[in-house]
Amino acid sequence: MGLDFSRLLSERCHQLAPSGIRRIFELSATLTDPINLSIGQPDFPVPDAVKRAATDAIENDHNGYSMTTGVMALRNRCAQHIAQDFGWPDGSTVAGAKDVAVAVTTGTSGALFLMNMALLGAGDEIIVPDPYFVAYPHQATIAGGTAIRCDTYPDFKMTAAKVEPLITNRTKAVLLNSPGNPSGVVMTQRECDELLELCRRRGVLLISDEIYDEFAYDDAREDYAQGRRCPSPGRAPGAHEDVLVIRGFGKTYGCTGWRLGYVAGPPALVNEMNKLSQFSYVCAPTPLQLGAIATFDADMSGVLSEYAFRRDMVVKRLSKHANVIRPGGAFYAFVEAPPQFGHSGTQVFEAALERNVVLIPGNVFSDRDTHFRLSFATDRQKLEQGLNVLDELFAGTPAAR
Ligand code: PMP
């Protein structure tokens, strides 16, 4: 007789529904040569210098543990990058490290997980955007807390005005994601500053998930002393005291499988996250950390302009039929389901799937099912084919269902 796992498994596991994206993966695996517009990772190879640095590290026997906070050279490079980008104290120096702690993490997901574990317990709340990156609400649940969804429709901006009514005395943090998944929407600097001002006034932490920071198209960037950059609450004066910035390597350099990210922020929080990491992840993969040092010298501008071109293709083709908020970054558009599909993202998803095109229905990312996510992390030819199918689908009247 087998063990009774329904009794053995934790309440935590019973509470968690499997990710809706998994269902889409399983479905698309049954199709022959689908036009897959559901992909959440870039379609370009890791820059050669970065590959070489990682393979050299393996060949040269750098295969042991690193410090929990990361290989020193990478951690220092991340700290210097943040200092240069935001004008924060430089966490790679003894003086700067008192004010800003930087740590390499096991993916951006690993950083988010440690943050939730460090901040949340029973009854604690974190405010997350809706639509959201799928892990946000579940990680809060795993940590024992609750994710309070901030409805950001129709423009997908998580503004201070939308967040303020949700803050209670149980709120620990507000989690901002700009450029956002699934919408690609980028907050302006002013909107970021207003959100930070609200968080400061109410004594809660602002977490900024900036995994797509380098994937900000020129029209969404703003001018700073450091050049044209993606807006961030981290750019506000004194933000190192009350913003935790989370960034990643996977999307920017095409190495999602390397599981590398980093955090920068107040030592009082980051040191606790490191403690949790010591007893769980231990460290991110050492040779890949050594590879990631080379990313800081990689020029990704060619990739960015290619993605901007595809973004324009998507907006131009779909806005004839549907309400499309122009993505300022990332590689997704979150499109409203047209009225002939009953404004249902699932109906569009199913009709597209019958025509061999894989999208993701909005309810995977949201309490609502009014939209669908289209990823343009696929080559122009496939994207064009997919857009042709959607063009036809939206122009015609689909079979009653
Ligand atoms: N945050 C957002 C907004 C994302 O879209 C993703 C990945 N899709 C992650 C975090 C997790 O990234 P990583 O692979 O670095 O864990």
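Just so it is clear, none of the values below were taken in a lab; they were calculated from the coordinates. This is a predicted model, so every value here is computed, not measured. Methodologically, a virtual Cβ is constructed for each residue, glycine included, from the backbone with ideal geometry; neighbour enumeration extends over all protein chains shown.
Which residue, K157, K98, K172, tops the fluctuation ranking in a GNM of the chain built on C-alpha contacts under 10 Å?
So, out of K157, K98, K172, the one fluctuating most is K98.
Pick from M72, M158, M115 the residue whose mean-square fluctuation is largest in a GNM of the chain, springs joining Cα atoms under 10 Å.
Largest GNM mean-square fluctuation: M72.
Rounded to the nearest 20 Debye, what is the dipole magnitude of the range 250-359 about its Cα centre when Lys and Arg each give +1 and Asp and Glu each give -1 at the C-beta?
Approximately 200 debye in magnitude.
Among DSSP beta bridges lying fully in the range 118-269, give the percent that are antiparallel, nearest 5.
30 percent
For the range 36-64 and the range 303-378, what is the separation of their C-alpha centers, rounded to whole Å?
That distance is 29 Å.
May I ask for the equivalent-ellipsoid semi-axes of the range 45-193, computed as the square root of five times each C-alpha gyration tensor eigenvalue and listed largest first in whole Å?
Semi-axes from the Cα gyration tensor: 32, 18, 18 Å.
Place a label point 7 angstrom from the Cα of L9 along the Cα-to-Cβ direction, then list the residues of the range 125-165 whose backbone nitrogen is under 20 Å away.
Zone members listed by number: 135-145.
List H14, H321 from most exposed to least, where exposure is judged by having the fewest other Cβ atoms within 10 Å. Before the final figure, lay out the partial values.
Working: H14 8, H321 16.
With the fewest neighbours first, H14, H321 line up as H14, H321.
Give, rounded to the nearest 20 debye, the magnitude of the charge dipole that the range 48-297 has about its Cα centre when Lys and Arg contribute +1 at Cβ and Asp and Glu contribute -1 at Cβ.
440 debye
Taking the Cα centre of the range 290-341 as origin, sum charge times position over the Cβ atoms of Lys and Arg (+1) and Asp and Glu (-1), and report the length of that vector in debye to the nearest 20.
Numbers: 6 positive and 5 negative charges, 76 e Å.
Dipole about the Cα centre, nearest 20: 360 debye.
Just want the ordering: T93, T152, from fewest to most Cβ atoms lying within 10 Å of their own Cβ.
By the 10 Å Cβ count, ascending: T93, T152.
With springs only between Cα atoms under 10 Å, which of L359, L383, L166 fluctuates most in a Gaussian network model of the chain?
L166
Write down Rg/Rh for the range 42-82, rounded to two decimals, with Rg from the C-alpha atoms and Rh from the Kirkwood relation over Cα pairs.
Reported Rg/Rh, Kirkwood definition of Rh: 1.04.
Enumerate the calculated ³J(HN,Hα) couplings along the range 381-389 in order (Karplus 6.51 cos²θ - 1.76 cosθ + 1.60, θ = phi - 60°), each rounded to whole Hz, writing x wherever the residue is Gly or Pro.
Calculated HN-Hα couplings, in order: 5, 5, 5, 4, 4, x, 5, 4, 4 Hz.
Bin width 5 Å, alpha-carbon pairs only: give the P(r) of the range 287-401 as whole percents, running from 0 to the bin holding the largest distance.
Histogramming the range 287-401 at 5 Å steps yields 2, 11, 20, 22, 16, 9, 7, 6, 4, 2, 1, 0 percent.
Quick check on the chain: helices-only [θ] at 222 nm, where DSSP H runs of length 4 and up contribute -39,500 (n - 2.57) each and the sum goes over total residues. Nearest 500, please.
Working: 16 runs with 156 residues, N = 401.
Taking each H run of at least 4 residues, the total per residue is -11500 deg cm²/dmol.
Considering the options A147, G107, L353, tell which one lies farthest towards the positive end of the dipole of the chain, charges being +1 on Lys and Arg and -1 on Asp and Glu at the Cβ, about the Cα centre.
A147
Taking the Cβ-Cβ separation of E306 and D61 as r and a Förster radius of 45 Å, what is the calculated FRET efficiency to the nearest 0.05?
0.75
Rounded to the nearest whole Å³, what is the per residue volume of the convex hull around the Cα atoms of the range 72-136? If you can, show how the numbers build up before the last one.
Working: hull volume 8.1 nm³, N = 65.
Measuring per residue, one finds 125 Å³ for the Cα hull of the range 72-136.
Using a 10 Å cut-off around each Cβ, can you sort Y332, Y212 from fewest to most neighbouring Cβ atoms?
Ascending number of Cβ neighbours within 10 Å: Y212, Y332.
Straight-line reach from K51: which lysines have a Cα under 24 Å away, not including same-chain ones fewer than 8 places off?
Reachable lysines: K251.
Using each residue's phi in the range 139-155, evaluate 6.51 cos²θ - 1.76 cosθ + 1.60 at θ = phi - 60° and report the 3J(HN,Hα) Karplus result to the nearest Hz, with x for Gly and Pro.
5, 4, 5, 4, 6, x, x, 10, 8, 9, 7, 9, 5, 9, 5, x, 9
With θ set to phi - 60° and the Karplus curve 6.51 cos²θ - 1.76 cosθ + 1.60, what are the ³J(HN,Hα) couplings of the range 224-233 in order, to the nearest whole Hz, using x for Gly and Pro?
Taking θ as phi minus 60°, the curve returns 10, 4, 7, x, 7, 10, 6, x, 7, x Hz for the range 224-233.
Find, to one decimal place in angstroms, the Kirkwood hydrodynamic radius of the chain, where the mean of 1/r is taken over every pair of different Cα atoms and then inverted.
In the chain this quantity evaluates to 21.9 Å.
Mind checking which of S301, N63, S19 is farthest towards the positive end of the chain's charge dipole, using Cβ charges of +1 (Lys, Arg) and -1 (Asp, Glu) about the Cα centre?
Of the options given, the answer is S19.
What are the semi-axes of the equivalent ellipsoid of the range 105-197, taken as the square roots of 5 times the eigenvalues of the Cα gyration tensor, listed largest first and rounded to whole Å?
Calculated on Cα positions only, the semi-axes equal 21, 16, 12 Å.
Cα centroid distance between the range 228-290 and the range 156-223, in Å?
17 Å
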